[in-house]
Each structure stands twice: as C-alpha cells, then as structure tokens.
Amino acid sequence: MSISQIARTISASPTLALNEKAAILREKGEPVIHLGAGEPKSKVPMDAILAAAAHLNTGEIRYAPADGIPALKKAIIHYTEEHYNRLVEPENVMASGGAKQAIMVALQAILNPQEEVIYPAPYWVSYPEMAKLCGAIGVPVLPEDGTFYPRIQDIEQKVGSYTKAVIINSPNNPTGAMYSEEFIANVVDFCEKRDLYLIMDDIYHRLIFDNRRPINCYEYAKDISENSKLIVINGISKQYAMTGFRIGWAVANKKLIEVMTNIQGHQTSGPSVVLQKAAVGALNGIQSSVENLRVTLENNRNVMIEHLNSFEGIKVTKPDGTFYCFADFSVYGKESTKISEFLIDKVLVLTVPGVEFGMEGYMRLSFCGSIKDITEGIERMKWALDPNSPNELYIGDRKLVRDWT
Ligand SMILES: Cc1ncc(COP(=O)(O)O)c(C=O)c1O
C-alpha cells in the first residue's frame, strides 16, 4: 500500500490502544485492573448533561462557527478571567475537539517542515507525533539533574536556529510534577527574549495537591499585547471528567487564532455544537465537582504512594498533581514494554510503559480509578514481580500459580 512519508512515521497512540485492550479483556469477563487510564471515573456534571440534552431536544443540530459558538467563547473568556486574571476577547479564543486538537492546530499554524519544538521529558505521548504530522521535529529535554523538574538551562541548551516553539505541560503527564513558579517565570521570559512561541498545556492545572496554587504564566509575561507568542491550552476533559465530550481550547493572539481557525475550519469545522453546549454547561454550572475530584485524586495519590513505597526496589517521586505516578521499575528490567506486557499477561494489570513518554525503565500508573483497583493492582504487580512472593495468588476464586522466577 502506498502511504505518505509522514503517515509512515506516526505510531498508534499507546494509551488509546491500552483502553481498547482493557475493554476487550473486560468483555471477555477477565478481572482486569486498568492502571493505565487517562480519565477520571467521576460522573459528568449534571449542568453539562442538561445543557447538551436541551440542545438535542430542539431537534435542530446544525453547523457551528469553526472557532466555537459565542456562548462557549464567553464561558472560556470567563474561565480565563477567573483562573488567569486576564481579560481576553472572543477573537483571542478558539474552541477545539479536545485540548489535543487545540495543540495540534497551534503546531500546524506555527511550525514549518524541519523546524523544532522543544518539550521537557518525560512528555505526553502525542507531542512527538504531532510535531511529525507537521513535518517538524520534536526535541525532548531530559533534565540533567535526573529529576522530573527541568531547569531553564536544560531548555536553553537545546534551543538552536531551527527552534520555533516550546511546550510546557505542568503539572505533567506522566510524572505528576508541577514545575516551580521560578521555572515558569524563566521559560516565559526566555521565550519572549528569543522570540519563541510558548505553548502552555495547562490541561491539569486545577488538579493539584498539598495546598498548591495553580501557576499563571501571564503573570510573568512582559508582553501581553497582540504580539505575544504565548498560547494557553485548556479543556474540560480532565477537570470535569468529560473526556468523551472532546472539548478543549486555545487562548492566543488574534492573528494566530484567526490562522488556527482557518486550519480547523478545513479539518473538522470545529467541534460539535451539542458538545460545545455541554462544555458551556460545565463551565458555567456548579463547580463543586472539580474540587471533589481534586480531593479524591489527592487521597488516591496518597494511597498509591503508600503502597508503592512498600514495593521492594521501586523508586517513586510523589506526584504534585494530575492522576499519574511515574515509578522507576528498572530493577525489574530495562525494557518497560516487556514489564508492562508481563503484568498484563500474568496478573491482568494494565500499565503504560515509560518508553512511550521518552523514559525507559519507568511505568506510568494512574490513580484515577477506585482505591480498590489501586491497592489490588499494586498487590498483583508486587506478587508478579517480586521473587520473594508466595507461590499462589487468588483473583476472586481464580488461583494463579507463580511458575516463573
Ligand atoms: C498533557 C495532555 N495534554 C493534552 C491532552 C488532551 O486532552 P483532551 O482530552 O482535551 O484532548 C491530554 C490527554 O491525555 C494530556 O495528558
């Protein structure tokens, strides 16, 4: 089959593939525990459901403007004012089919073939593939000090004449690390001085723990005029547990939003109006679900860390936010894909191999499921990996026997 050169370089999304694997196993009645998930399990806010249902009830579901319906833009403007203390205009906002599309379209709007976009490693799985889709090059930056917290020097070292943009995702998927205010201030300053686009992927910015406050990149920007190259990305997927609604957005200068809207207009004509209505419902409705989710996740994080700390040989860094823990499993093997496959085969626990995020030997474990899944999932992993485990393990009334060393 003849396919394009770019298409040949694009790999399947490993996290979406895992979701499918979990669904197939569950359908077969297998007692699988999904510690690879990237979505909270809480219910969608009622305000979102009612808003979408009301629109469906009109029986008139039509095309919507490519950059988002006015009501959603208004809600996003309000969100930006409330959470970033920044007043923007409708022309500064574009709603997309998830934060994923907002980032993709932003990259398509700014990157030429061969140009480079820099992001700290470990990184969200889609950044390298998105760069490739633009014919551009993703450049991961591994913090030199071996932590999950990059320093501005790490970024500086990778910037060259082809660098066009930097992506910062804090708190970070997969590590849960929330970068310091000082680092964010330095990156904003650095990108302004070097005339680089800065994409702030803030999709997890409200899901943070231990009394941390979200960091507002605009506070450190010297230039917030229409020349600013700051692009702030957000969405409803994570904070409102609305992953299936596929609504995210970008806030940026008007010219860039116009260009992004042109691109999106030819791709998808913008997101479905029904789902935009749902997003308006979530953003304008009762907000308690976000705090409830945050508190639940903080508790889940504590339970996961406690269990992982008693796991012989595993090294963990306590996540500051998100719902992911990125643990070092290298004592059990150098190839994270093999460990991940072993765990699903032997004890039906799904994890995401660290190599997918640009870091071998690590595994991403999600704590967005139930406490039961977290505790039982880690117990099963321990049993499978630790050579000192007892010979047998029961999953329900199924007896597993350890026939490996
Ligand atoms: C860091 C990061 N950015 C963006 C996204 C995309 O989110 P959305 O569901 O809004 O497309 C995800 C989803 O996993 C993510 O982890």
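The values are calculated or read from the model by the stated rules, or taken from the named source; none is laboratory data. Since this is a predicted model, take the numbers as computed values, not measurements. Heads up, the Cβs are rebuilt from the backbone with ideal geometry, glycines too, and the neighbour counts pull from every protein chain shown. Accessible surface is based on the protein model in full, side chains and every heavy atom, while ligands, DNA and RNA are left aside. Shrake-Rupley method; radii C 1.70, N 1.55, O 1.52, S 1.80 Å.
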remark   = Note on segment 1-132: C-alpha Rg/Rh, Kirkwood Rh, two decimals, gives 1.02
remark   = Magnitude of the Cβ-charge dipole (Lys and Arg +1, Asp and Glu -1) of the chain about the Cα centre, nearest 20 debye, reported as 740 debye
query = So what is the relative contact order for segment 1-119, in percent, with contacts set as C-alpha pairs under 8 Å and at least six apart?
reply = 13 percent
ask   = Using the per-residue mean of other Cβ atoms lying within 10 Å as a proxy for protection, in what order, highest first, do the peptides 166-174, 335-343 fall?
value = 166-174, 335-343
Loop sites in segment 171-232: trypsin sites (Lys or Arg not before Pro), DSSP, at most 13 other Cβ within 10 Å = ARG212, LYS222
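Could you calculate the FRET efficiency of ASN211 with LYS41 from 1/(1 + (r/R0)^6), where r is the beta carbon distance between them and R0 is 25 Å, rounded to 0.05?
The formula returns an efficiency of 0.55 here.
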note = With the 1.4 Å probe rolled over protein heavy atoms, the chain has an accessible area per residue in Å² of 45 Å²
remark   = Note to self: C-alpha centroids of segment 76-152 and segment 191-223 sit apart, in Å, by 11 Å
task = Please give, to one decimal in nm, the separation of the simple spin-label points placed at LYS318 and HIS266, each 7 Å out from Cα toward the Cβ.
result = 5.1 nm
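Pairs of alpha-carbon atoms within less than 8 angstrom and 6+ residues apart define the contacts here; what relative contact order does segment 227-323 have, in percent?
21 percent
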request  = Report the charge-dipole magnitude of segment 272-342 in Debye, nearest 20, computed about the Cα centre from +1 at each Lys and Arg Cβ and -1 at each Asp and Glu Cβ.
outcome  = 200 debye
request  = Could you size up the charge dipole of segment 57-149 around its Cα centre, putting +1 on the beta carbon of Lys and Arg and -1 on that of Asp and Glu, and report it in debye to the nearest 20?
outcome  = 320 debye
Farthest toward positive dipole pole in the chain [+1 Lys/Arg, -1 Asp/Glu at C-beta], among GLY333, VAL159, ASN92 = ASN92
remark   = Mean 1/r over distinct Cα pairs of the chain, inverted to a Kirkwood Rh in Å, yields 22.1 Å
remark   = Relative contact order in percent for the chain (Cα pairs under 8 Å, 6+ apart) equals 23 percent
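Determine the alpha carbon to alpha carbon distance for each of LYS318/LYS372; LYS21/LYS318; LYS100/LYS382; LYS193/LYS255; LYS28/LYS372 and list only those over 25 Å.
Distance filter (> 25 Å) returns LYS21/LYS318; LYS100/LYS382.
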task = Can you check what the Kirkwood hydrodynamic radius comes to for segment 69-135, Cα pairs only, in Å to one decimal?
result = 13.7 Å
Accessible heavy-atom area order of HIS205, HIS307, highest first, probe of 1.4 Å = HIS307, HIS205
message = Please report the carbon-and-sulfur percent of the accessible area for the chain; probe 1.4 Å, protein heavy atoms only, DNA, RNA and ligands left out.
response = 52 percent
